[in-house]
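Take a look at the structure below.
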Amino acid sequence: MSDTLLEVDDLRVTFPTRTGLVQAVRGVSFSLGRERLGIVGESGSGKSQTGRAIMGLTPPQAEVSATKLAFDGMDLLSISPRERRALRGNRIAMILQDPKYSLDPVMTIGRQIVETLRTHEKVGKTEARERALAMLQAVQIRDPARVFDLYPHEVSGGMGQRAMIAMMLVTGPELMIADEPTSALDVTVQLDVLNILDKLVAERGMGLIFISHDLRLVSSFCDRVVVMYAGKVVEQIKASELRDAQHPYTRGLLNCMPRIGFERHPLPVLDRKPEWAA
Amino acid sequence: MTASITVEGLEVVFDRFRALKGVSLEVREGESYGLVGESGSGKSTLLRAITGLAPVSSGTITVNGKTLGKTRDKAFYREVQMVFQDPYGSLHPRQTVDRLLQEPLAIHGIADGEKRIERALDEVGLGKGFRFRYAHQLSGGQRQRVAIARALILEPSILLLDEPTSALDASVQAEVLNLLEEVRRRRKLTFLMVSHDLAIITHMCERLMVMQNGEAVETLTASQLIGHRVSEDYTRNLLRASEGFVRV
């Protein structure tokens, strides 16, 4: 990948707590082209805070610092909140975990998509509606006109997540951050949603950051994987070479899940070493 | 082998919604039996109906030879205990672990509490140091261990497990699954376990039932599932889905 879309160098996110400062992200560096990058780790590893810091959604009490945090050559930490807002939802979009909480419950799905579109582009009502419907069609919703007028509680989780993807893609972003986009969905629906996401990302040539706790899922979906532990990157590896992962944490994560057809009693567990976090 | 739990033609209706539509199953003594299906398939409702947490409108449930009526007596809960999905929601936030574990002992008038609590904590791999902590001072995996200790403290013969590891990280999940297998072996427990994850069910259970829309799709042994010897399309879809994402 020649053109770099996003550059992250020594990213740190620090939260003030009663017992002192807690660094959730401790010096994360990676760069992203128009490719699919997976960020994997357990809860508390800082993977979501990394995504949020790029998006500019870190809680106000926390402090973000980095030697470099640049999107398309723009320094994200020095631009004004106004410029940041113009990026967010337009050139950088984010899909959250659970459509039940991330969609506005008192606004129809169609209106939410139109709102996103008209916030960032000067388009008329009719054109906005048409583009929203086309987008709903693109995420394989069979009857877009009907779903357009439904409220989030009237659709299933899989449908809600498709609507969420439609809303995020309608502005044609260049970078998409997906934070556990399928963890709240049933296994069968998960694959449908991933297929849609995969197709759209490939068609539009976007960069994708896929944040997940599921190493196997990420490795089947992404080109490259960043493995995080205790706020740090412990390993960066091509998804196809995951089998040859060096770090014991990566290998432990790969190993500890039960698999159909592989009888292992008891399951291997992670033997956490303090030096991994050092 | 005798039957530990027998369910026949079980119907559960919430208002007008039929959550279970005449489900039957038999779990043998000492067996580990799995229920798989997507959300809304009725698998958790089946567990809740057995413990008396869901309104049974028809059908019979027999546990250890006794047919259950509308209510469950204390003796039932000494035989059957449940571990819930979300360890953050199933432990009282203002009670210490010690207090949480004393509750079932007090209800059942068991005297040697001190010893039992120590043993229960020991058994689930939490030391004495955890005894006077609150739930919020524990990690998800530690909380689920407390929930398992609470279920085991009455020395039941049957454990109902409702997605016991789905709220946990993969590495912690492995630890909890190992713990469950170990206590089952040691105490010769019968498990009825719900999960949406076929891999976990085949790992933990000898037989399983696939459910969809409140009905049984098919009953399989774990080895049939591993060998892909399934007859229903729905099960085949689940199997394919559990193999992960494949780019078309």
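Where a number appears in this text, it was derived from the coordinates with a stated rule and is not lab data. Because the structure is a prediction, the values reported are computed rather than measured. Cβ sites come from the backbone with ideal geometry, for glycine too, and all protein chains shown count toward neighbours.
For the residue pairs A:100/B:21; B:74/B:115; A:47/A:238; B:66/B:115; A:100/B:43; A:232/A:273, the alpha carbons lie more than 24 Å apart in A:100/B:21; B:66/B:115.
Screening chain A for whole DSSP H helices with an alpha carbon extent of at least 15 angstrom along the helix axis and a mean Kyte-Doolittle hydropathy of at least -1.0 yields A:109-120, A:125-138, A:157-169, A:187-204. Shape analysis of region A:98-170 based on the Cα gyration tensor places the equivalent ellipsoid semi-axes at 18, 13, 10 Å, largest first. Near the amide H of residue A:233, within less than 5 Å, lie the amide hydrogens of A:29, all on another chain or at least 5 residues away, with H placed in the peptide plane. Summary of packing: across the peptides B:48-57, A:38-47, the per-residue average of other C-beta atoms within 10 Å ranks them, highest first, as A:38-47, B:48-57. Using alpha carbon centroids, what distance separates region A:36-56 and region A:225-278, in Å? With region A:36-56 and region A:225-278 each reduced to a Cα centre, they are spaced 17 Å. Shape of region A:179-278 from the C-alpha gyration tensor: oblate (a/c of 1.5 or more and a/b not above b/c, with a ≥ b ≥ c the square roots of its eigenvalues). Ordering B:53, B:100, B:42 by the projection of their Cα atoms onto the charge dipole of region B:3-242, which places +1 on the Cβ of Lys and Arg and -1 on the Cβ of Asp and Glu, puts B:100 at the extreme positive end. Partner shielding of B:200-210 amounts to 2, given as the average count of beta-carbon atoms from other chains within 10 Å of each residue beta-carbon. Just to be sure I understand: of the beta bridges DSSP finds with both ends in chain A, what percent are antiparallel, rounded to 5? Antiparallel bridges make up about 60 percent of those DSSP assigns within chain A. A cut-off under 12 angstrom between Cβ atoms defines the neighbours of residue B:44, and their net charge, with Lys, Arg +1 and Asp, Glu -1, is -2.
Peptide A:188-200 has a mean of 3 when you count, residue by residue, the C-beta atoms of other protein chains within 10 Å of its C-beta. Highest mean packing first, where packing is the average number of other Cβ atoms within 10 Å per residue, the peptides B:83-91, A:261-269, A:138-146 line up as B:83-91, A:138-146, A:261-269. In chain B, the calculated helix contribution to ellipticity at 222 nm averages -10500 deg cm²/dmol per residue, counting -39,500 (n - 2.57) for every DSSP H run with n ≥ 4. Rounded to the nearest 20, the Cβ-based charge dipole of the protein assembly as shown about its Cα centre (Lys and Arg +1, Asp and Glu -1) stands at 780 debye.
Per-residue packing, averaged as other Cβ atoms within 10 Å, sorts the ranges A:217-230, A:240-253, A:77-90 into the order A:217-230, A:240-253, A:77-90, beginning with the highest.
Give me the log10 of I(q) over I(0) for region A:12-108 at q = 0.11, 0.18, 0.22 Å⁻¹, as the Debye formula computes it from C-alpha points; what are the numbers? Relative scattering, expressed as log10 I(q)/I(0), comes to -0.38, -1.01, -1.38.
With the convex hull of the Cα atoms taken as the outline of chain A, the averaged projected area works out to 16.6 nm². DSSP bridge analysis restricted to region A:166-278 gives an antiparallel fraction near 60%, rounded to the nearest 5. Shielding of peptide B:32-44 by partners, expressed as the average count of other chain Cβ atoms within 10 Å per residue Cβ, is 1. DSSP finds beta bridges in region B:3-242, and of those with both partners inside it, around 55 percent are antiparallel.
Around residue A:254, what is the net charge, scoring Lys/Arg as +1 and Asp/Glu as -1 over all other residues with Cβ under 14 Å from its Cβ? My count for the surroundings of residue A:254 gives -1. The amide H of residue B:193, built 1.01 Å from its N in the peptide plane, has B:33, B:34, B:35, B:161 as neighbours under 5 Å, considering only residues 5 or more places off or on other chains.
Helix B:233-242 axis versus longest C-alpha principal axis of chain B: approximately 50°, rounded to the nearest ten. The local environment of residue A:96, defined by Cβ-Cβ distances under 9 Å, has a net charge of -3 under the rule Lys, Arg +1 and Asp, Glu -1.
Using the Cβ-Cβ distance between residue B:78 and residue A:106 with R0 = 45 Å, the FRET efficiency computed as 1/(1 + (r/R0)^6) comes to roughly 0.40. With the helix formula -39500 (n - 2.57) applied to DSSP H stretches of n ≥ 4, chain A reaches a computed 222 nm mean residue ellipticity of -10500 deg cm²/dmol.
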